[in-house]
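Input: a single structure, listed below in structure tokens.
We did not get these values from a lab; they are worked out from the coordinates using the rules stated. This structure is a prediction, so every number in the text was calculated from the model and none was measured. Ideal geometry is used to build each Cβ from the backbone, glycine not excepted, and the neighbour counts take in all protein chains shown.
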């Protein structure tokens, strides 16, 4: 056995480069993830909505990735960084940390989805991600960007492997990923292998701690790359980082337990649960967008049958097509739900608005609620395919 492996076996048995996990308790959730990813992948979406979802995913991903390691910028401030806003000198390094991660995420998106790169994980690739996230941070980054550490460090009570063994350990890590998870270039990777490899690679970077600083950010870049390479939709590839940040204490607890128990089963289950929950929210957002589009189409179809003047038909169609389908409106704000609606009703009296609402209630386009009005989405949902409903007796 190589000297570095003897060293790991004796001092770091959790870095075994073996399948020290069991995913049987995660299989059902992985199946749920696969079903939702398939659904998301084939749900058509307007270019405007897709651009917004990708922007939100990058902002959330960048905030999560940096927040875990102490960056204090809020989601709104990260959005400002995304838009190119500059911060005051005292917080410039926080801005730079976030910008580096956003740039790295965009580079990976371009490499995988535009340039069609499907490289195996290599030491050079890992170092390139580290170089991106550490660029220009100076003394606020306790590492040389893109360079494996050449000193020993402590992470709390944990002392990562001796720097002298890191070159061999990292080469072994990359070779092991290639052999363990059976990825072949130009072929779609098995879904379960892809998800588990992404999670395991993340954990192993945390265990090995190959850099003086920025290991967590680098681990999440590797995870992001692997998920994209495995054909996860771009708007979903930030979800694991988001989960780790939202459950930060549990994230560190699970990593610590995996170290002590020499078993990644619980960490994988924890990560997959977060991925599943994030996918459910993402799918719900896309389904809502589809329902909103279907509602607008329905309104324009049924409006043709309204026996009213064309001008009135137009303004009522505009109002109800722009109302959010799950919101409730009062008489004093229903005509201001959208700029187009404001323009239509700006010079009309409240009496005309009330008459329009009464007409839409009669046509079952609006429904009266306790405190106002909402669109009658039920008339649209009634056109869904029939299926048997099990009633409790």
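When both segment 44-87 and segment 89-124 are represented by their alpha-carbon centers, they are found 13 Å apart. Sorted on the mean count of surrounding Cβ atoms within 10 Å across their residues, most packed first, peptides 319-331, 94-106, 136-148 read 94-106, 319-331, 136-148.
A straight chain from residue 377 to residue 287 at 0.36 nm per residue would run longer than the Cα-Cα distance by 31.0 nm.
Sorting the segments 44-50, 187-193, 152-158 by their mean number of nearby beta carbons within 10 angstrom, highest to lowest, gives 187-193, 44-50, 152-158. Only Cα pairs under 8 Å and 6+ residues apart enter the sum, and on that basis the relative contact order of segment 3-286 stands at 30 percent. Can you give the angle from 0 to 90° between the axis of helix 27-41 and the longest principal axis of the chain, with both taken from C-alpha atoms, to the nearest 10? Between the helix axis and the principal axis of the chain, the angle is about 50 degrees.
The spacing between segment 349-393 and segment 149-205, judged by their C-alpha centroids, is 55 Å.
Against the chain, whose longest principal axis is taken from its Cα atoms, helix 191-208 shows a tilt of about 50°. Relative to the longest principal axis of the chain, what angle (0 to 90°, nearest 10) does the C-alpha long axis of helix 310-322 take? Here the helix axis deviates by roughly 30 degrees. Quick one: pull the percentage of alpha-carbon pairs in the chain with a separation above 40 Å. Pairs farther apart than 40 Å: 32 percent. A Förster radius of 51 Å combined with the Cβ-Cβ distance from residue 309 to residue 38 puts the calculated FRET efficiency at roughly 0.60.
Sorted from longest to shortest, the spans of the Cα atoms of segment 306-381 along the three principal axes equal 31, 26, 19 Å.
Peptide packing for 54-60, 2-8 was compared via the average number of neighbouring C-beta atoms within 10 Å per residue; ordered from the highest value, the list is 54-60, 2-8.
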